[in-house]
Each structure stands twice: as structure tokens, then as C-alpha cells.
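A.B. asks: My structure is below; once you've seen it, I'll send some questions.
The values are calculated or read from the model by the stated rules, or taken from the named source; none is laboratory data. This one's a predicted model, so the numbers in the text were calculated from it and none came from an experiment. Note that we place each Cβ from the backbone using ideal geometry, even for glycine, and neighbour counts take in every protein chain shown. Calculation scope for accessible area: heavy atoms of the full protein, side chains included, ligands and nucleic acids excluded. Shrake-Rupley method; radii C 1.70, N 1.55, O 1.52, S 1.80 Å.
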Amino acid sequence: GDGIIKVWPPGCAMFAEYRNYADRVRRLAVREDDVWVVTYPKSGTTWMQEMVWLLVNNLDYKTARSILQTERSPYLEIGCWVTEAARTKANIGDSVREVEMLKSPRCIKTHLPLQMLPEQLWTVRPKIIYVARDAKDVAVSYYHHHRLFFGYAGSSEDFFEALLAEIVPYGSVWDHILDFWKLRHEPNVMFTTYEEMKKDLPGVVKQTADFLNCTLNSEEMKQLCDHLSFESMKNNPSVSHEIEVAKLRGMQTNINGEIQPFMRKGEVGSWKQDITPEIEKKINLYTKMKLADTDYVLPFTKENCTA
Ligand code: A3P
């Protein structure tokens, strides 16, 4: 039910840690003026977070460029690192504590699936922005993410099979998306996609600004879209994660071949270069099965789901 048991069987010492941590997440005090960015990993989280943080903070580019996004807009997770010892070793904090200590209005990022999110989200009802992305681009991006951050040294095929078996962190990509798709008409929920951001960034900025009750003149709109362009974000160490990656570099042994940066390609449909026809068929079938009996509209990917 809550996605924890699959990862740590109840007999493991780690299970108690996760259960305790998941309870703390569920009981987190939500604030009315919070803005939550919720995504399955690799769906354009960093991109949307940067937009949201700037809109909420009166387009303060100076702070945006000088303070890491991970500090301005922290990450609420159950964590691969929930024990104090593991956290200290990896030099990362307790994400619940970090979010609790943040000054309002808080911009909070999370990949947690709906059922693991704080209960007060549905009583306090802060603004929640959900970003979805096509599963094949997510799959490829997540594979590279595992190499970059977690020292994954297996084959891409094995990774894609794990994704289809829903045994990667945060579980099923489609279940994650569909849970929020069903909530898209809630007044405190905005649902958008990576593909929509690629097709019409000013349109999504305008939609997000309206949702957050901000107004931008045309000059401000242009400046924000420039700041959010792939090239600009790739060259901005406050959002490109190159500082975090540099810290982790020592942990990545045993990997053969090139490691791609966090700001990797930033394209729609680039999976075509990385996914074999056999895996493509499997992902199409998986997608078809998950989307059967739903009214989910695949963004620009009708041709990708013909299995
Ligand atoms: P790729 O690996 O396909 O390039 P997340 O922030 O959820 O981890 O998502 C990361 C993905 O978003 C990566 O996809 C990254 O390149 C892409 N991305 C980040 N900023 C972007 C931007 N400004 N424009 C387009 N894509 C961006």
C-alpha cells in the first residue's frame, strides 16, 4: 500500500527507519502559502522548481543564482539515506527537518507518490504543481540519473526492465502520474507536462503565474524564459547540480563508459536513440495497460503508443 514494504521487508532493521520516516512525512505540518512541485523523477522537476521559486520570490535572480536550488527549494523524500549514520556519511540532511525549518512561503519539491504525501495537503490545500513526462524519456533520463548519482553500472536494458517491473525508486511512473491526473481539476492543483513546457514555455509560465497569482509584464516574461532555457540552466551551477555531482564523484567506481551530466539533453523524444525496438514494444505495452480505462492524454506521443 504505501510503497515501503516492497523496498525493505518488515524483518529488516532499515524497515523500521523507513516506517518512522514515512510517518514523519505523513504528519508534516503543511502551510497554506506553500507551493509544492510534485513529479516522478526526471520529469522536469528542476525546471519547474526554478520557475516556481522565481515567481514566488519576486523574480529575485540574484538569490536564484547565488544560492543552490537544493537549499532554496528543498527535496522532501523518504530518502535512500534515512538513517542518521547514512545521512552523515553521504553529507545530506534530514529532508523533513529541512522543510520544517524553511521560511514561508516555502517552495517544496517531492517525488513521493500521492499516498505517501503529508495528509494536511488535502485539508490545508496549498498550491500543488504536478509535472508529467512521457515514460520513455523518463526511462532513459532515469537510467542516466542512476549512473550519475547512484553508481549504477548495469545495462540500460536491465534498468528499463526494472522500471517496467516498478522496482526503481518511487515505483510506477504511470501510477504516480495518474494519481495526480485524477486530481487535476482540484482548484489547488495544476497539472502540466514536460512536453508542454518544451512546446510553449511562455504559455506554461503564464499558466503557472496565474495559478500562483503573479503577474508578469512582457519584459519579465522574456527574462524568465531566458533564465529557464536549457542552455542557461545548464550553465547555471545553482541549478545544474554540478556541485552536488562533484561531491559524489568519488563514490562512482566500477562504471564503464561516459557519464552524462544532470542537464543531459533536455529534449522530447530523444529516447529513440537509446531504447531498442524490443524495449520500446515492452514500454508501449506497459503504457497501454496502465492507461486502459483512463482518459489520460499522452502529450505528442500518440505514435509512441501503438503496441
Ligand atoms: P534529460 O535527461 O532527458 O536531458 P528532473 O529535474 O525531474 O530530474 O528532470 C531532469 C530532466 O529535465 C533532464 O532530462 C534534464 O535535461 C531536463 N531539463 C532540466 N532543465 C531543463 C530545461 N531548462 N529545458 C529542458 N529540459 C530540462
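A.B. asks: Using alpha-carbon pairs under 8 Å, 6+ residues apart, how would you state the relative contact order of region 139-297 in percent?
C.D. replies: 36
A.B. asks: With r defined as the distance between the Cβ atoms of Lys62 and Val124 and R0 fixed at 41 Å, what FRET efficiency is calculated, to the nearest 0.05?
C.D. replies: After rounding, the FRET efficiency stands at 0.85.
A.B. asks: Another question about this same structure. Tell me, in nm to one decimal, what length is gained between Asn20 and Lys272 on full extension, where the rule is 0.36 nm per residue of separation less the Cα-Cα distance?
C.D. replies: Full-extension gain reported as 86.6 nm.
A.B. asks: Step through the residues of region 99-104 one at a time and calculate ³J(HN,Hα) from phi using the Karplus curve (6.51 cos²θ - 1.76 cosθ + 1.60, θ = phi - 60°), rounding each to whole Hz and writing x for Gly and Pro.
C.D. replies: Couplings: 5, 5, 7, 5, 6, 7 Hz.
A.B. asks: On to the next question. Tell me the per residue accessible area of region 131-195 using a 1.4 Å probe; a whole number in Å² is fine.
C.D. replies: Heavy-atom accessible area per residue stands at 32 Å².
A.B. asks: Give me, ordered by chain and number, the residues 5 or more places off Trp36 or on other chains with an amide H under 5 Å from its own placed amide H.
C.D. replies: When sequence neighbours closer than 5 places are left aside, the close amide H contacts are Ile108, Lys127, Ile128, Ile129.
A.B. asks: Let me ask something else about it. Classify region 161-251 as rounded, prolate or oblate from the Cα gyration tensor: take a ≥ b ≥ c as the square roots of its eigenvalues, call it rounded if a/c is under 1.5, otherwise prolate when a/b beats b/c and oblate if not.
C.D. replies: Oblate, because a/c is 1.5 or more while a/b does not exceed b/c.
A.B. asks: How big is the shadow of the Cα convex hull of region 107-157, averaged over all directions, in nm²?
C.D. replies: For region 107-157, averaging the hull's shadow over all directions gives 5.0 nm².
A.B. asks: Follow-up. So, R0 is 22 Å and r is the distance between the beta-carbons of Ser155 and Arg264; what FRET efficiency does that work out to, to 0.05?
C.D. replies: Computed FRET efficiency for Ser155 and Arg264: 0.75.
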